[in-house]
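Structure, as structure tokens:
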Amino acid sequence: MQRTLSEKIAEGAWLTSDEVGEYLGLSQGALRAWRANGQGPRFSRLTSKVIRYAAADVVEWARDPLNGPSASEPTDCAKRA
């Protein structure tokens, strides 16, 4: 029996990039770009192709108001500088 994403998060399991994308409503391309730029939730690279996220890190990151949808967008003041 496979666990649901909600169960995995509640249990504090390791999540795949697909699961994190589903939870955060992001594409794999967005997650890949965030990893390359040092943004987004912390992740562990198990091999060159296998990446996992600790559920607790993803939830903590998502709850931080500084990580909202526009948190990575420059503010109007920053754009003018």
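Less than 15 Å Cβ to Cβ from Asp64, Lys/Arg counted +1 and Asp/Glu -1: what total charge do the surrounding residues give?
0
Hey, got a sec? Which trypsin sites (Lys or Arg not before Pro) in segment 17-55 land in a DSSP loop and have at most 16 other Cβ atoms within 10 Å?
Of the trypsin sites (Lys or Arg not before Pro), the ones in loops of segment 17-55 whose Cβ has at most 16 other Cβ atoms within 10 Å are Arg42, Lys49.
Please report the net charge: other residues with Cβ closer than 13 Å to the Cβ of Ile51, K and R +1, D and E -1.
Here the charged neighbours net out to +3.
FYI, it's all coordinate maths here, none of it is from the lab. Source: prediction; values computed, not measured. Because the Cβ atoms are built from the backbone with ideal geometry, glycine has one as well, and the counts that use them run over all protein chains shown.
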